[in-house]
Amino acid sequence: MVGPPVPGSSQSVPGKALSASAAKLRLLKRLRCTWKFEKRAWEKGAHWVAGVDEVGRGSLFGPVVSAAVILDSSYRMRGLRDSKLLPAERREVLAARIREHALAWAIAAVDAARIDQINIYQASRLAMRAAVSRLAPAADYLLVDALRLDWDLPQDPIIHGDALSVSIAAASILAKVERDRLICDWDPVFPAYGLASNKGYSTPQHLAALRTHGPSPLHRQSFAPVWINPVPQEVLAFMLDEEPAEASQEIDEATAAS
């Protein structure tokens, strides 16, 4: 006989279906990051195996940020896992260790205007390629979270890669920490949207602010919750001074270390 759920337990309410996001989160918590995929690449003759991931695809505001990381196999870093499963303080600690001990790492971002031009899927791929291109030493094998990149290197697209591969998890953490920093920097400029807390995602507060104030110039105008609230907003002065980007040029905030 099954008893009532214990208060505070993770047992679901009988007859109540989990949301898609809750089901995915439950799955990710069961997965464990290992070196399995890196070891397979080394067995094929690779030396510089890079994990690649992006953060911010579902956000309504700001850039999509990608990172690429080549970990040092002789330095085993504890606690690497999907950045979504880590508290912010833990991500910061791990990000510092990754930057210090990785053989190479790089970060790149594609901004909201470019996302609106080419769509978020292509923008994510563009940011990933930009990050990979900045690695020094250059990667000779890629482990990519879910996607295959237009890149002349052997690569493995891995579903839930940031929860299974330590290299992809490291990239996820760097990208998340960098994107959170960028979005928090914009919070004082656009205080109505609560960016410091929601990081640009579709929270009730953010959606209510869009209905009241309309989108800012840095919202993704091609995303439905943004374009259905088209209240004109003031264009920032610095935006008027920018020259149009070339169609093939990535818009990035990039850093690399080796």
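The values are calculated or read from the model by the stated rules, or taken from the named source; none is laboratory data. Values in this document were obtained by computation on a predicted structure and should not be read as measured data. Every residue, glycine among them, receives a Cβ derived from its backbone with ideal geometry; neighbour counts consider all protein chains shown.
Does at least one position in the range 170-193 carry a residue that is assigned to a helix (DSSP H, G or I), at pLDDT 95 or above and in contact with a Cys (Cβ under 8 Å, 6 or more places away or on another chain)?
Within the range 170-193, the first condition is being assigned to a helix (DSSP H, G or I), and the residues that meet it are 170-186, 191-193.
Those left that are additionally at pLDDT 95 or above: 170-186, 191-193.
Next, from what is left, pick out any that are in contact with a Cys (Cβ under 8 Å, 6 or more places away or on another chain): none.
So far as the range 170-193 goes, no, none of its residues is assigned to a helix (DSSP H, G or I), at pLDDT 95 or above and in contact with a Cys (Cβ under 8 Å, 6 or more places away or on another chain).
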Restricting attention to the range 43-64, the residues that are among the small types (Gly, Ala, Ser) and in contact with a strand residue (DSSP E or B) (Cβ under 6 Å, 6 or more places away or on another chain) number exactly 4
When the range 65-112 is checked residue by residue, the ones that are small (Gly, Ala, Ser) and over 21 Å from residue 199 (Cβ atoms) are 68, 73, 74, 79, 102, 104, 106
Those residues of the range 127-152 which are buried (at least 22 other Cβ atoms within 10 Å of the Cβ) and within 13 Å of the chain's Cα centre (by Cα) amount to 127, 128, 131, 144, 145
Discussion item. Just to be sure before I move on: is residue 120 of a type outside the set (Ser, Thr, Tyr) and under 13 Å from the mean Cα position of the chain (by Cα) in the structure I sent?
Written reply: yes
Selection from the range 57-88 of residues within 25 Å of residue 120 (Cα to Cα) and assigned to a loop (DSSP other than H, G, I, E, B) yields 57, 58, 59, 60, 62, 63, 81, 82, 86
